[in-house]
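See structure below.
The values are calculated or read from the model by the stated rules, or taken from the named source; none is laboratory data. Keep in mind that this is a model prediction, so the values were computed, not measured. Here Cβ is always computed from backbone atoms with ideal geometry, including for glycine, and neighbour counts include all displayed protein chains. Just the protein is used for accessible areas: all its heavy atoms, side chains included, with ligands, DNA and RNA removed. Shrake-Rupley method; radii C 1.70, N 1.55, O 1.52, S 1.80 Å.
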Amino acid sequence: MKLSFSWLKEHAPLTKTPQQVADDLVRLGHEVEGIELPRAAVKGVRVGQIISIKAHPDADKLKLLQIDIAEPEPLSIVCGASNMGEGDKIPVATVGTCLPNGLRIKKGKIRGQASFGMCCSEAELALAEDADGLLILPVDAPVGAEVGEYLELEEAILDLDITPNRGDCMSIRGIARDLAADYGLPLIEPADELVGADTTVDPPKVRVSAHSDNPLYMACRIEGITVTDSPAWLQQRLIAAGQRPVNGVVDVLNYTMLDLGQPMHAFDADTLQGDLHVRSAESGETLLALDGRDVTLNSGDLVIADDTNVLALAGIMGSEATGVTNTTTSIILESAAFRAALISTTRRTHALVSESSMRFERGVDAAMIVVAMDQAVQMIVDLFGGKSSQMTVIGDQAALINDKQITVNIKRIETRLGIHIPETADAVLARMGFDIQREGGDLAIRVPSHRHDVSIAEDISEEYARVIGFDAIPAELPALTVIKARKIDASISDAVALGFVQVINYAFIAESEQRLFVAHDGDDLRLENPISEAMSVMRRSLWPSLLNTAKYNMNRQQAGMALVEQGRIYQGPVDSHQESNMIAWLMAGEYQTDSWYEKSRKADFFDLKGAVESWLDKRGLTARFIADDDVQGLQSGQTAKIVVGKSTVGHIGKVDGDIAGSFDLQADVFVASINLDALHAGKKAKFQPIPEFPSIERDLVFLFDKTISSNDILQAVRKAVGQQLIDARIFDLYEGKGVPESKRSLGIRFSLQDAKRTLVQEDSDQAMQAIIDAIAKKFGAELRG
């Protein structure tokens, strides 16, 4: 944001130089990108009066001018312009002058004729972007005077980069407020002379049906105006601020916005059809914006409309059809407060950026809404004539100026900053609008309406740091309370050690992706101000993000993927939501590439199951994988719940083919996830002596019903044998000839060992009989010979 130094001094009686003010702004936390010196940039350009004009002997389009600049001898200058006459007064850049565009004026010859200077246009003096001829000065311009001083060009223009949280400083008054408070100077209040309402002018009729998005709306009708160009002084201030003059009314509104920070809008009243209505847009409505773009609106966008058309996208941009032009004679002015989050969302959705939207989405000062309206009406009537109506006001301004209350301990601030907080700093903040009361060791602070960025104790610490000066904060670490070292979470590093690649995704996803693995139950945590629909809800599963990552990589010729992510999932309403710390894996495509010792093969369920088992083993945990066909999004028959102890801690399975296909994944995709919060502490590794006594191994083969799971079988074996059992596993599966269709043959291999003695045949026989009895009793399985 650019602001002229003279304009700044109209709000506070500054006595420091522009450079000193710039240094102080940096100290107060504002970034100053540069200082422009328009007056100094045209030093050496003087007021000259044309004495005579003659044709150039060797060029039809050039002229020879004799110009008086109050020196003993007139200057001879060759000029190509044609809009001047003898007696006219014009800017003359003398030899040695360096113009704003970098051109240094030298004595030279043009087509054989000597030229001792240059006659200047507005563009060459950086007063306009282009010009058709020389700048003709008023007849009373003193010959020989410096043009910069005569035109009262700005002494300095400060170029500031306002941080996003300081919407209150996107105006001359906001910056002046900080400086006046810092210097102990008064902040000059805006003029309170108001234009009397003319009872012959009917006030605008306004209806607001979106009160939560538009808590205050003011409108005023002005009739009988004559729209012309704004005066030179106003145009110069707008140009200095980087704004393009449009017409008198628009320029006044832009001036008021830059001056007070309140964006406003004007409608050509004669183009409206019926009353104004502030409402939510209907999906599919359109707006031809002032920048010429056709905008298709979404349901929920806040608009200003009449009985038939949308007139403006509230707080962002008006329509081309209702804009003020030089033929406009009646206008309706708008000054309002709009919900900042909605303006931000709408602006991003439609990719519409305006000076107005940048201020509304940061939060405007409710106290300035009426002040800005009064100032704009006064300026328009003074400059362009007309009669104004009574104000139409919908909403309660006083309710918006409801200052926030913050209580903070002084010692907490001093400990945080490492410095003493003097009461003189309270006085500076009080001049910035804060009401501060010291009550024992606490500060009771009322935050002014223009400071939307101050809401917690840490913000108060920052304010004190600003006014005391960041340079005053000692460059040393504050005393820290010694706490117990936090245990290192090796979840991800252990997974990476097993060959997986760690990925980090956003915690918000599209609602449509949420529904792939989680049924709609009303427990989604929805973002109030999403970046886009693709990031509208907080995730309840890590799998959608992993699928998107796999899609991105496999579409770029990656033959196989092994991904892992650790992150939180979110469930429930904002005020009582739950967060769970999860880890999730994905495998797809090639697991083993072609090599001389092994052919390539695709990843399967057991590859991922083995990886999860190895990961759990590093934690001293053993899991059981129990078939579970009720997991949404995973394929029936290749899905299991992961059980550790008596708790279900996660799931593993093959992603449904249709879901994988929707992510352009042609290969089989396998995923798993574990709730880290549900895992109990695993067994710590213990060093044990090498067994002195040998183990024995035996096999048993049974015919089981196909409905019986291997997990249940092994559980029964472990329970039957007891402490001497050191291992039990399924080593053989057979279905086919000699086995009934509803049965399958399973071979169970078990190992026995005792730490104190050598086991004998009797021990083996007892264990085998215990297993046979348990299997027969629980499953009705038949021992095969």
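Here are some notes:
- Couplings for the range 130-136, taken from phi via the Karplus curve 6.51 cos²θ - 1.76 cosθ + 1.60 with θ = phi - 60°, read 8, 7, 8, x, 5, 7, 8 Hz in order; Gly and Pro are left as x.
- Based on protein heavy atoms only, the range 600-746 ends up with 58 Å² per residue of surface accessible to a 1.4 Å probe.
- Between Met582 and Gly567, Arg568, Ile569, Leu676, the built amide H atoms are under 5 Å apart, and every one of these is 5 or more places off in sequence or on another chain.
- Solvent-accessible area of the range 495-585 (1.4 angstrom probe, protein heavy atoms only): carbon and sulfur portion equals 50 percent.
- Solvent-accessible area of the range 718-771 (1.4 angstrom probe, protein heavy atoms only): carbon and sulfur portion equals 47 percent.
- Here is the tail figure for the range 405-470: Cα pairs spaced more than 17 Å apart come to 31 percent of all pairs.
- Spatial extent of the range 428-525: Rg and Dmax, with the Cα atoms as the point set, Å: 23.6, 62
- Contact order, relative form, for the chain: 8 percent (alpha carbon pairs under 8 Å, 6 or more residues apart, mean separation divided by residue count).
- Two-decimal log10 I(q)/I(0) for the range 45-150, as the Debye equation yields it once each C-alpha is a single scatterer, q = 0.12, 0.23 Å⁻¹: -0.35, -1.41
- Listed by chain and number, the lysines placed with their C-alpha closer than 17 angstrom to that of Lys719 are Lys646, Lys777, Lys778; residues fewer than eight positions away on the same chain are left out.
- Rounded to the nearest 500, the 222 nm mean residue ellipticity of the chain from helices alone is -7500 deg cm²/dmol, with -39,500 (n - 2.57) taken per DSSP H run of at least 4 residues.
- Under a model in which nothing but the beta-carbon of Lys, Arg (+1) and Asp, Glu (-1) is charged, the chain shows a dipole of about 3400 debye around its Cα centre.
- Residue-normalised accessible area of the range 405-470, expressed per residue, 1.4 Å probe, Å²: 46 Å²
- Straight-distance crosslink candidates among lysines, where the alpha carbon sits under 30 Å from Lys61 and sequence neighbours closer than 8 are dropped: Lys43, Lys89, Lys106, Lys107, Lys109
- Solvent-accessible area of Leu498 with every protein chain in place, 1.4 Å probe, in Å² to the nearest 10: 70 Å²
- Charge sum, other residues only, whose C-beta stays under 10 Å from Gly144's C-beta, Lys/Arg counted +1 and Asp/Glu -1: -2
- One Cα centroid belongs to the range 100-123, the other to the range 486-552; the line between them spans 66 Å.
- For the range 116-128, 3J(HN,Hα) per residue [Karplus equation, 6.51 cos²θ - 1.76 cosθ + 1.60, θ = phi - 60°, Hz, x = Gly/Pro]: 10, x, 8, 7, 10, 9, 5, 5, 6, 9, 6, 9, 7
- Once backbone amide H atoms are built at 1.01 Å from N, Gly48 has Ile90, Val92, Gly144 as its partners under 5 Å, excluding neighbours fewer than 5 places away on the same chain.
- Surface accessible to a 1.4 Å probe, per residue, for the residues of the range 168-285, Å²: 40 Å²
- Accessible surface of Ile53, taken over heavy atoms with a 1.4 Å probe and every protein chain present, rounds to 50 Å².
- Solvent-accessible ranking of Phe687, Phe5, largest area first, probe 1.4 Å: Phe687, Phe5
- Using equal-weight Cα scatterers in the Debye expression, the normalised intensity of the range 491-678 in log10 at q = 0.15 Å⁻¹ is -0.90.
- Among Ile730, Ile771, Ile504, the sequence by solvent-accessible area, most first, with a 1.4 Å probe is Ile504, Ile730, Ile771.
- With all protein chains in place and a 1.4 Å probe, the accessible surface of the range 257-341 carries 43 percent carbon and sulfur.
- Only protein heavy atoms count here; on that basis, with a 1.4 Å probe, Glu146 has an accessible area of about 50 Å².
- Amide H partners (placed H, <5 Å) of Gly560, local residues excluded: Glu590
- For the range 603-649, trypsin sites (Lys or Arg not before Pro) meeting the loop criterion (DSSP other than H, G, I, E, B) and having at most 11 other Cβ atoms within 10 Å: Lys646.
- Cα lying deepest toward the dipole's positive end in the range 696-783, options Ser745, Gly722, Val760, charges on Cβ: Gly722
- Diffusion constant of the chain at 4 °C, which comes from Stokes-Einstein with the Kirkwood Cα-pair radius and 1.567 mPa s, µm²/s: 38 µm²/s
- Separation of alpha-carbon centers, the range 303-356 and the range 1-16, rounded to whole Å: 30 Å
- Positive-pole candidate from His651, Leu527, Pro204, dipole of the chain, charges at beta carbon: His651
- For the set Arg729, Arg207, Arg46, solvent exposure ranked by accessible area (probe 1.4 Å, protein chains only) runs largest to smallest as Arg207, Arg729, Arg46.
- Selection among Ile380, Ala141, Val612 by position relative to the dipole of the chain gives Val612 as farthest towards the positive end (Cβ unit charges, Cα centre).
- Flagged links, alpha-carbon separation over 27 Å, of Lys706/Lys737; Lys599/Lys737; Lys609/Lys683; Lys609/Lys737; Lys551/Lys602: Lys599/Lys737; Lys609/Lys737
- Computed from backbone phi, the HN-Hα couplings of the range 194-199 come to 10, 6, x, 6, 9, 5 Hz, rounded to whole numbers (Karplus: 6.51 cos²θ - 1.76 cosθ + 1.60, θ = phi - 60°; Gly and Pro given as x).
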